[in-house]
1. For helix B:240-252, report the angle its Cα long axis makes with the longest principal axis of the Cα atoms of chain B; keep it between 0 and 90° and round to the nearest 10°.
2. Using Cα-Cα distances under 8 Å and only pairs 6 or more residues apart, what relative contact order does the stretch A:7-201 have, in percent?
3. Please give the FRET efficiency for A:Ala83 paired with A:Lys384, using the beta carbon to beta carbon distance and R0 = 56 Å, rounded to the nearest 0.05.
4. Quick one: of A:Lys391/B:Lys295; A:Lys478/A:Lys500; A:Lys162/B:Lys295, which pairs are farther than 22 Å apart, Cα to Cα?
5. Using a simple spin-label model with points 7 Å from Cα along the Cα→Cβ vector, what separation in nm is obtained for B:Phe161 and B:Glu292?
6. Give me the residues in the stretch B:57-84 whose solvent-accessible area, probe 1.4 Å, is reduced by at least 20 Å² once all protein chains are included instead of the chain isolated.
7. Counting only GluC sites (Glu not before Pro) that sit in a DSSP loop (anything but H, G, I, E, B) with at most 11 other Cβ atoms within 10 Å, what is the longest stretch of chain B containing none of them?
8. If I model a spin label as a point 7 Å beyond the Cα along the Cα-Cβ vector, how far apart are those points for B:Leu149 and B:Arg252 in nm?
Amino acid sequence: MESDQKSLTVRFEGDSGDGIISMGRLFARTAARLGYQVYTFSTFLAVVRGGQVTFQARISDAPLLSQGNEPDILVALNRQAVADNAPRLPKGSLVLHPPFGGRCDEIPAHASVLEVNFKEIAESEAGTARSKNVAATGVLLGLLGLDLDTAEEAVDELFRSKGPDIAIANRNALRAGYEEGARHCAIAQSWVFPPKDRMARMLLSGNEAVALGALTAGVRFFAGYPITPASEIMEWLAAQLPKVGGLMLQAEDEIASLAMCIGASYGGVKTMTATSGPGLSLMIELLGLAGMAELPVVVVDVQRAGPSTGMPTKEAQGDLVLAAYGSHGEIPRVVIAPQTVADCFTQTIRAVNVAHQFQIPVIVLSSQSLSHRMQTIDPPDFDKLEIYEEKFWDPASGPRPFQRYADTEDGMPTPRSVPGIPEGMYRCGGLEHNEFGNPDFAPVVRKRMVARRLKRMAAIARAFRGTTLAYDVGNGSKLGLMSWGATAPVALETLNELEKEGITIRALLPHVLWPMPEMAIRSFLQSGIKTLFIPELNATAQFAEMLRAHFTKELLENNIEVVSITKDDGLPFSPAEIREGIFQHLKHHCGPEVLR
Amino acid sequence: MSSTTTMPTSEPSKPSRKTYKGSERATWCAGCGDYSVLAALDRALIAYGRPEEEITIVSGIGCSSRFPFFMNTYGFHSVHGRALAVATGLKLARPEITVIATGGDGDALAIGGNHFFHAMRRNVDLTYILMDNQIYGMTKGQAAPTSELGMKTKSTPYGTFEPPVDPVWAALTMGATFIAQTASHDPNHMAEMFLRGLEHRGMSFINCLSPCVTFNAGMDREYFKAHSRPVPEDHDPTDYDAALRLVREAQREHYFPLGIIHVRHEPTLADRVGEIREKLHTAAQQKNEIEEIVKEFV
Ligand SMILES: Cc1ncc(C[n+]2csc(CCOP(=O)(O)OP(=O)(O)O)c2C)c(N)n1
Ligand code: SF4
């Protein structure tokens, strides 16, 4: 967070039948339209139906890095929501709830309470108690004085598909709630702040941003198999791809998904598939084929808590090692982990570009919290986006005879040929082959081809050198932090808070995880840091282990202690948890001088 | 599309005659049934007449899956069992390319069984040539899903315990729109079936009884010849129920019916997608479509 940044965290909580998600979306969409930065997070305790649902929306006048800690305003639609949250409600917070027949004594004295009968408003204004969630959202918006017209538009869009009557009923509920809220605006005054500008921002989920990135990058064939939490990527593309002449095909399993993508890629079309850990496990065989045949393809893994079926709706970062090393034999590949919803868009475009530029498989490592969270991004300038278009071998001017796997000094691939190009016929596949693509097991050929695949990785690492790999902040500190994926921005927010307290921690938060960005990491490790915190959401510290394996020398020479902050409880880190991890270590291992 | 091209009835004699065979010599065992399949496909392609760069042969792993290397077309020798999935992706991405898939019975029906099922029902415009030798050739003689009940192989020293799957029955019940069976001992028939399969718009499945002389010597050309009968003259392949009856009868009487078992004309998957695309396109705004699409998020 920037030092003068203002933010407000609202938590909506209630029963799964209360329409909690709609409330959150309505609030978030209204704020985004008005120019606020928005960051949302939701959990479902039960897999499909029943149980407590939480939706947290944080709005701000500057970009947000996390969902925040405890809520400033709690909108509690059932008694349990009050009970669950009361013990941790911060000073000055506000609880908005319907009458429960009796006082909620557990609400601490340092919080204020506003009791409004949402159901009554809904029944009298909309003619149905079902609109109570919209009435409650109206109260909240009225309290904060957010523009009513904009909220009405959002209601229309949210309920349009359910018919005009329902949309009108909900509008009425919203308006009445708004008026009620406006009457009490004095108690919410400290939470009222304007957006920096009035640009309407795009509000989308990580999964939607990945899908939009793929579409923008030119992906025209997608094959996938439904799996939580990745399905929205295929669902969104199923609707959009035919509009641009493409196709989404629901395959019979993840093996087929990737095999189909590889077939389409052989045909010269940009392709992608998306899955979660169980699907990535199935795809490993085909990933090896793409690596061996040197066919570009993008695999998105929206990680969830494993092993096996694990906790399908829960957050984890446990697939890094599988993504980076999973294969029999050794193949060139790139692993990229977006950290924010904006990254989901830009890094997916990058993944598609890199796959085609280097003719390799690229894995995009997203995760559950990132995939379902909605965040605002500035509308992209489509004319400025760099999209890599592969040039295929040209029979008129290309080198002859055509060699699909022509030997090159730097390991870079030469233009490939695709079906339909005369005289460019070749056979490819999973067998070791010579420069023409024909099977060849001669030791000299094998040696050349193994070297070719390794050189490709080196070429990729070189190509990445000049590009921005990550945030790199906080010069001259003895404390350092590295993190990746959805945990990285939470860590950054923690560091920004600590900075305000006079504790500077230098951070490197790479997007590209494989090949490990050597130059950036090496100079980071040589910058004088002595303690390196690595928060990540798995139990075995996968990134830290990879770092140890690849940078043993630098870690030893610079006397750096790696301190992993791990957890694997199914929930994303909060800034407070990372702070706690850092302080735990500092308390036990260092004198106060380290903090300076 | 119906069969209008006439088949050359003998091996091409003129050396100037175009061939689709590759420069690489086939490396199968002498006498392997797959040589006949290679020769027959070459002849069918000559009659079909598409330039070689517009043809792609996709295979899995196995002796029979070596096919693409022996043809002078585009080729993709993928991994065990995945030929149909790779071929489906290629065909949907590049509908103007003729895509032929080849493989063995293990490749198709054991490891690739899941893909086989769904490829048959999707009606993607592919031609699938299965070389059925009722054994695993490449891995040197283990039981295949087509091996007869009780057949002794390296992996079934006491005979198999499982009844076999009939590829023709499988394809028929799973929804293929062109199904034929042919055998290496009748190369003319085989070339004819391939040509008909290539000309059919939709999923064409052709089961080829193609002996493995090395690991299943008991089931050689003579065996298949003795155990097969041509599809009766009066069989109407467009009658699905008649096709089911024919295959059931053949199973009961232990023979292989050779010929076109079933054919029907249905929109392919690409046709159905094309319809939707057209509808969406007429509905779509003139502006850059992605910029239109993005508006849903604002
Ligand atoms: C994943 C995997 N499992 C096993 C194998 C080993 N393998 C190669 S070919 C084959 C079976 C070949 O039999 P079939 O498909 O009937 O073809 P044929 O060789 O008889 O033509 C097997 C099991 C493999 N290549 N990959
Ligand atoms: S092992 Fe059998 S199937 Fe393989 S090439 Fe030899 S004869 Fe043909």
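1. 20
2. Working: 415 pairs, mean separation 47.1, N = 195.
Value for the stretch A:7-201: 24 percent.
3. On the way: r = 51 Å, r/R0 = 0.90.
So the FRET efficiency works out to roughly 0.65.
4. Exceeds cut-off: A:Lys391/B:Lys295.
5. Between B:Phe161 and B:Glu292, the simple spin-label model gives 6.1 nm.
6. Correct list: B:Arg66, B:Phe69, B:Asn72, B:Thr73, B:Tyr74, B:Gly75, B:Phe76, B:His77, B:Val79, B:Arg82.
7. Working: sites that count: B:Glu96, B:Glu233, B:Glu253.
In short, B:97-232.
8. 1.6
The values are calculated or read from the model by the stated rules, or taken from the named source; none is laboratory data. Since the structure is predicted, the reported quantities are computational estimates derived from the model, not experimental observations. In this analysis, Cβ positions are derived from the backbone assuming ideal geometry, glycine residues included, and neighbour counts consider all displayed protein chains. Areas reflect the complete protein model, heavy atoms only, side chains present, ligands, DNA and RNA absent. Shrake-Rupley method; radii C 1.70, N 1.55, O 1.52, S 1.80 Å.
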